[in-house]
Structures are given as structure tokens and as C-alpha cells.
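Novice: Take this structure first; my questions come after.
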Amino acid sequence: MTKTLIHTLKDIGLTDKESRVYIACLESGTSLVSKIAKSSGLNRVTTYDILEKLKEKGFVSFLTKNQLKYFSATDPEIVVSETHRKAQNLKSILPDLKRLKGDAIHPHIRYFEGVEGIKAIYADTLTSKSEILNYANSREIRNFWPDYDNEYVKKRVKKKIYLHGIAPDDEYGKTVHKDDKKYFREIRLIDPQKFDFTNEINIYDDKVAIASFTGELIGMIIESKEIANTQKAIFKMAWEFAGIKKSSEGLNVHF
């Protein structure tokens, strides 16, 4: 039994001798060092030094009576509760510790500015190993980038990266949608009066790319599996909503 107790106490950070002295304290009750030393099988000087260390760790306390120190073991339930509290505290800072080690799972964000920066975002989407889920304003992207279809869309098609897109149901949207099969994509159009957007968002692999063409040209790529999965789920919901009016056509899309 004692060996099992010692082994368990060593698991929570005590040394072999500290474990033996703590057990001796429990068995001896409030006692002088000499009695605890006898119970632990250690000499008096060693036992006293260990009791001081256990006091610092919260495993024993003492009182002075007639100029003599009497030591008492801390209630095991208190020890368990305190050990649990310390474990929880350690768990709470685990992300910070992992971040220091470089193992933390946190989004990697890259920012881009200007024309070349925006084009660099689109170049990254061409590395996609999965299909691209896309929110786009067909007019805005082509006004900003007149050669968009030749310089980007054709490259995507050549790489056989399929695209599911949601775009405003306007003149530009209808024109783009007409060539879906030719350009390896399927676009669903939505009412621009109800759902107006000018930014473009591309969701692919574990990334979310955002580009803004109005005002200052800025964009970013967020690399995070959790964020990308959430955005894919939101896109699927929007896609199904956009396809309600076409449900009679028997369109089925799987992501």
C-alpha cells in the first residue's frame, strides 16, 4: 500500500523522500520532527529539511509550542483540490505555452495592398487542391481587372480547379453565368437589391481570401482550418438558399 501511495505522490511532483515524510506526517498526526523521522525511516536532520520543503509546497504546516515545532500533514482532500486547481491553471495557459514553442494552432494572416497585391491573392487561389467557393461581384472585379478572364479564369480552368460562385443577378452576372460550362464553374445569381456586396471572397483548402476593389485596394489571406470550415458551411447555406428557385431543375451540389 505504501509503495502505491509513494508512487502516486511522486507522480504529482514529490520526491521519494518527500512522499515518505508526508505519509509519515499523516500517520503521526501533529508531531515533533523526531517522531516523523522515526516513522519515515529517515534521520532527524534530513526529515526536518524535507518538512521545510513540504511546507513551502503546501503539504504540511506547523505550530510552535513550548519553543518546539510540531508538524501536521495537510488534509489529503485539500491537496487533491489544490493539485486540480494548479492543473487547471496550467491548462488555461497551454495555448500560450504552445505558441512559444511554435505549435499553437492559430490563424496565419497575410495582408496585401495595391493592384499587384490583389493579383497575388488570386495567384494563391490557383494553388488550390480543392474546389473554390466564391462570392463575387462580376462587374467590380472586371472593372478593376479588365483582363481578369484571360489572366486568371483561363489559368484556373487549365488547372482544372472547379468553382462554385454566388454573384449579383445583374447584366454582368448574367453574362458570366452564361459561360459557366465553358469556364469550369457553376454560378448562382442572387437579387442585388436584397444582397449587395462588392468585395470578393474565395474559400479554398484551409484558406479564406478576401479582396476589396472599392476605395483602397486591400486584401488578405487567412489560413486556418477552423475558419475555412466555418466559411464553407456558411457558403453551403447561402448556396442552398440561392438555389431554391432552381430546385425544380434537380440541381444537386456536394461540397
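The values are calculated or read from the model by the stated rules, or taken from the named source; none is laboratory data. None of these values were measured; they are calculated from a predicted model. A quick note on method: Cβ atoms are made from the backbone with ideal geometry, for glycine too, and the neighbour counts reach across all protein chains shown.
Novice: If you scan the range 169-218, which residues turn out to be charged (D, E, K, R), in contact with a helix residue (DSSP H, G or I) (Cβ under 7 Å, 6 or more places away or on another chain) and farther than 21 Å from ILE121 by Cα?
Specialist: Within the range 169-218, ASP170, ARG188 qualify.
Novice: Quick one: what pairs do we get from the range 163-187, first residue free of Cβ contacts under 8 Å to residues at least 60 places away in the same chain and not assigned by TED's automatic domain parsing to the domain that holds ASN137, second surrounded by fewer than 22 Cβ atoms within 10 Å (Cβ to Cβ) and assigned to a strand (DSSP E or B), C-beta under 9 Å, 6+ apart or different chains?
Specialist: Going by the 9 Å Cβ cut-off, there are no qualifying pairs.
Novice: If you don't mind, another one. Can you name every one of the helices (runs of 4 or more DSSP H) wholly within the range 1-108 that holds 2 or more residues which are at pLDDT below 90 and out of contact with any Leu (no Cβ under 9 Å at 6 or more places or on another chain)?
Specialist: The helices (runs of 4 or more DSSP H) meeting that bar are 2-11, 76-92, 94-101.
Novice: Now for a separate question. Quick check on the range 1-21: of everything there that is out of contact with any helix residue (DSSP H, G or I) (no Cβ under 6 Å at 6 or more places or on another chain) and among the hydroxyl-bearing types (Ser, Thr, Tyr), which residue is surrounded by the most Cβ atoms within 10 Å (Cβ to Cβ)?
Specialist: Looking at residues that are out of contact with any helix residue (DSSP H, G or I) (no Cβ under 6 Å at 6 or more places or on another chain) and among the hydroxyl-bearing types (Ser, Thr, Tyr), I get THR15.
Novice: Hey, any hits in the range 128-141 for a residue that's hydrophobic (A, V, I, L, M, F, W, C), under 26 Å from ALA238 (Cα atoms), in the same structural domain as SER224 (by TED's automatic domain parsing) and at pLDDT below 90?
Specialist: Yes.
Novice: Six or more apart or on different chains, Cβ atoms under 8 Å: show the pairs whose first residue is in the range 61-77 and surrounded by fewer than 10 Cβ atoms within 10 Å (Cβ to Cβ) and whose second is assigned to a strand (DSSP E or B) and not basic (Lys, Arg).
Specialist: THR64/TYR70
Novice: Determine whether the range 113-124 contains at least one residue that is within 26 Å of the chain's Cα centre (by Cα) and within 30 Å of LYS194 (Cβ to Cβ).
Specialist: There is at least one residue in the range 113-124 that is within 26 Å of the chain's Cα centre (by Cα) and within 30 Å of LYS194 (Cβ to Cβ).
Novice: Something else: Residues to consider are LYS3, LYS38; find the one that is touching a Ser or Thr at 6+ places or on another chain (Cβ under 9 Å), of a type in the set (D, E, K, R) and free of Cβ contacts under 8 Å to residues at least 40 places away in the same chain.
Specialist: Residue meeting the stated conditions: LYS38.
Novice: When the residues of the range 192-205 are filtered to those that are out of contact with any Asp or Glu (no Cβ under 6 Å at 6 or more places or on another chain) and in a loop (DSSP other than H, G, I, E, B), which remaining residue is nearest to LEU133 (Cα to Cα)?
Specialist: ASP205
Novice: Just checking, how many residues over the range 207-217 are surrounded by fewer than 16 Cβ atoms within 10 Å (Cβ to Cβ) and free of Cβ contacts under 8 Å to residues at least 24 places away in the same chain?
Specialist: Final tally of qualifying residues: 1.
Novice: Right, next: Filter the range 218-234 down to residues that are part of a strand (DSSP E or B) and of a type in the set (Val, Ile, Thr) and give me whichever is nearest to GLY117 (Cα to Cα).
Specialist: Ranking the qualifying residues of the range 218-234, first place goes to ILE218.
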